[in-house]
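As structure tokens, the structure follows; a few thoughts come after it.
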Amino acid sequence: MAEQKVDEDDFEIPDNAGGRCAAAAEKGAKQYQEDSWSIFCSQDKTVTSVCIFDGHGGINGRHASRRCKKMTYLWCKDNWKKFSGFREKDWKKQLKDLFERMHKAIREAFVAHEKKNRKRSKASDKSIVDEKGIVRKTPGYPVHGGTTGSVCITVNTKDCRQVICANVGDSDALLLPLDEKLLPDVQKNFLHLSVDHGPDSAKEWGRINKLDDKEYPHKLLFIYDKSTIYRKYECPKVFIEYGPNAGSKDPKYVKNPWGNDLRPTNVRYDPAVYAVSPQGVDEDVTCIAMTRALGDFYAHQFGLSWEPDVYVRKLDPKKSYLVVAGSDGIWDCWKHEDFSDFATSTVKTYPNDLLRATKHVVTATVERAKALFGKRSFDDASLALNTIPKFSDK
């Protein structure tokens with residue numbers, strides 16, 4: 001049975017672009033496919049992009065990720081001829097502006113759907129958005145939902161060869177070598193392009209705790225998840241909050257996480273962590289697995305941010321690369337070095353069919369997910385690949 005079309009944000013993009021980019025996805029055990037992907041390849045193949053949006057919040061996560069999918073594709077399609085002239089400061093400005101527009105567009109999508117819900121229930125359509133920009137239901141509770149965002153753009157010309165990544169959240173983007181190790185001295189076979197915005201990030205803990213107390217009287221707490229504790233703000237804190245070691249991870253849980261009743265969240269054995277609203281918050285209670293996201297308007301009053309980290313990396317014209325963007329349904333099943341070996345070998349197995357290689361990696365990952373987490377618990381899995389040949393191969 002075909003998947004039901006649920007909103008006007010359904011936007012079709014070919015799953016293979018110019019033989020350089022391809023994407024594939026499989027729905028997890030939840031009601032909706034909340035992930036979305038976007039790929040683009042210019043006609044002259046000098047500009048490519050792969051983007052992943054991992055939605056959360058049920059149908060609202062789907063609305064959020066699909067709105068972003070459409071906007072990133074159209075932005076690349078309309079502006080790619082300018083990209084080779086962008087400097088680093090231009091990329092940071094342009095991508096920050098894009099993410100802000102996507103964040104606002106998600107609010108517009110939530111408002112539109114809330115109006116429809118209220119019309120069906122014959123409720124008033126007033127007071128949908130409050131003075132803080134939070135979209136609310138009729139009883140006053142916030143509309144939940146949002147999405148991560150990882151946007152990877154590659155420019156491959158004689159004078160400009162670089163990959164740019166802008167992201168919020170925890171949908172990883174990696175740079176993999178297709179012909180040799182990236183860093184032979186340490187035998188590393190991958191580099192992170194994205195930045196992890198999670199509750200185990202000391203940088204994010206510092207960012208939120210430096211926010212103005214008057215503007216943010218209640219700030220996100222970074223906690224280790226314990227299923228036995230009902231009030232999440234009572235869970236053990238990831239970072240020491242006071243004293244000379246403030247901002248350092250609590251050694252009690254670093255040294256012996258499982259002996260202290262923590263639980264792993266993926267095959268890399270990272271403990272489950274959340275960013276939660278503190279005690280005293282009743283209506284807008286927040287429990288989220290990231291510290292930056294598009295949407296999730298109710299959580300921004302506690303320090304969640306839509307603003308992306310943007311990094312530009314120069315690429316060696318004599319080397320070939322594979323840019324990978326994926327949702328948690330992919331990364332929870334792999335150690336990054338193992339994924340790198342598997343993905344690059346698969347791409348080399350199908351040298352003229354990147355889409356087939358992408359589908360193979362997704363299918364294999366979903367089988368791993370079902371074995372690891374159970375057929376009723378595995379997550380949506382979305383993957384986008386971009387091959388970057390040596391410049392002489394173009």
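Out of all the residues in segment 294-317, is one or more of a type in the set (A, V, I, L, M), within 25 Å of the chain's Cα centre (by Cα), in a loop (DSSP other than H, G, I, E, B) and over 20 Å from Thr148 (Cα atoms)? Yes; the residues of segment 294-317 include at least one that is of a type in the set (A, V, I, L, M), within 25 Å of the chain's Cα centre (by Cα), in a loop (DSSP other than H, G, I, E, B) and over 20 Å from Thr148 (Cα atoms).
Give me a count of the residues in segment 263-304 that are on the phi > 0 side of the Ramachandran plot and at pLDDT 95 or above. Residues that pass the stated criteria total 3.
Pairs linking a residue in segment 134-163 that is under 27 Å from Gly58 (Cβ atoms) to a residue that is assigned to a loop (DSSP other than H, G, I, E, B) and hydroxyl-bearing (Ser, Thr, Tyr), with Cβ atoms under 6 Å and 6 or more positions apart or on different chains, are Thr148/Ser171; Ser150/Ser171; Ser150/Ser194.
When segment 46-80 is limited to residues that are among the polar types (S, T, N, Q) and under 20 Å from Cys165 (Cβ atoms), the one that is farthest from the chain's Cα centre (by Cα) turns out to be Thr46. Since Asp125 meets every condition but one in (1) over 26 Å from Glu12 (Cα atoms); (2) in contact with a Lys or Arg (Cβ under 9 Å, 6 or more places away or on another chain); (3) in a helix (DSSP H, G or I); (4) of a type in the set (D, E, K, R), which condition does it not meet? Unmet condition: (3). With a requirement of 3 or more residues that are closer than 21 Å to Arg20 by Cβ and modelled with pLDDT of 95 or more, the strands (runs of 3 or more DSSP E) lying completely within segment 132-230 that satisfy it span 149-156, 161-168, 173-177. Here segment 273-287 is the region considered, the condition is being surrounded by 21 or more Cβ atoms within 10 Å (Cβ to Cβ) and touching a helix residue (DSSP H, G or I) at 6+ places or on another chain (Cβ under 6 Å), and the residue that is nearest to Ile229 (Cα to Cα) is Val276.
Apart from one condition, Gly243 fits all of (1) exposed (fewer than 15 other Cβ atoms within 10 Å of the Cβ); (2) assigned to a loop (DSSP other than H, G, I, E, B); (3) of a type in the set (Gly, Ala, Ser); (4) at pLDDT 95 or above; the exception is (4). Among residues of segment 302-315 that are touching a residue at least 12 places away in the same chain (Cβ under 8 Å), those with a Cβ under 6 angstrom from a residue that is surrounded by fewer than 17 Cβ atoms within 10 Å (Cβ to Cβ) and in a helix (DSSP H, G or I), sequence gap 6+ or separate chain, pair up as Val312/Glu88.
Look at Val347 and say whether it is outside any helix (DSSP H, G or I) and modelled with pLDDT of 95 or more.
Considered against the rule, which asks whether it is outside any helix (DSSP H, G or I) and modelled with pLDDT of 95 or more, Val347 comes out as no.
Among the conditions (1) touching a Phe, Trp or Tyr at 6+ places or on another chain (Cβ under 9 Å); (2) surrounded by 23 or more Cβ atoms within 10 Å (Cβ to Cβ), the only one that His336 does not satisfy is (2). Assess whether Ala384 counts as being modelled with pLDDT of 95 or more and either in a loop (DSSP other than H, G, I, E, B) or among the hydrophobic types (A, V, I, L, M, F, W, C) (or both). Yes: the conditions hold for Ala384. Listed by first and then second residue, the pairs linking a residue in segment 241-261 that is at positive phi to a residue that is β-branched (Val, Ile, Thr) and part of a loop (DSSP other than H, G, I, E, B), with Cβ atoms under 8 Å apart and 6 or more places separating them unless they lie on different chains, are Gly247/Ile240; Asp261/Thr228. For the criterion of being in contact with a Pro (Cβ under 7 Å, 6 or more places away or on another chain) and modelled with pLDDT of 95 or more, Val310 fails. Restricting to segment 192-240, and then to whatever is hydroxyl-bearing (Ser, Thr, Tyr) and touching a residue at least 24 places away in the same chain (Cβ under 8 Å), can you tell me which residue is nearest to Phe302 (Cα to Cα)? Applying the filter and picking the extreme gives Tyr216.
One residue stands out in segment 23-46 among those that are touching a Lys or Arg at 6+ places or on another chain (Cβ under 8 Å) and hydrophobic (A, V, I, L, M, F, W, C): the one that is farthest from Thr387 (Cα to Cα), namely Ala29.
Scanning segment 350-371 for residues that are polar (S, T, N, Q) and either in contact with a helix residue (DSSP H, G or I) (Cβ under 6 Å, 6 or more places away or on another chain) or buried (at least 18 other Cβ atoms within 10 Å of the Cβ) (or both) returns Thr358, Thr365.
Just one of (1) over 20 Å from Thr358 (Cβ atoms); (2) buried (at least 18 other Cβ atoms within 10 Å of the Cβ) fails for Glu100. It is (2). In segment 271-285, the condition of being of a type in the set (A, V, I, L, M) and not assigned by TED's automatic domain parsing to the domain that holds Leu211 is met by no residue.
The values are calculated or read from the model by the stated rules, or taken from the named source; none is laboratory data. Remember, predicted model here, so these are calculated numbers, not experimental data. Glycine also receives a Cβ, built like all others from the backbone with ideal geometry; neighbour counts cover every protein chain displayed.
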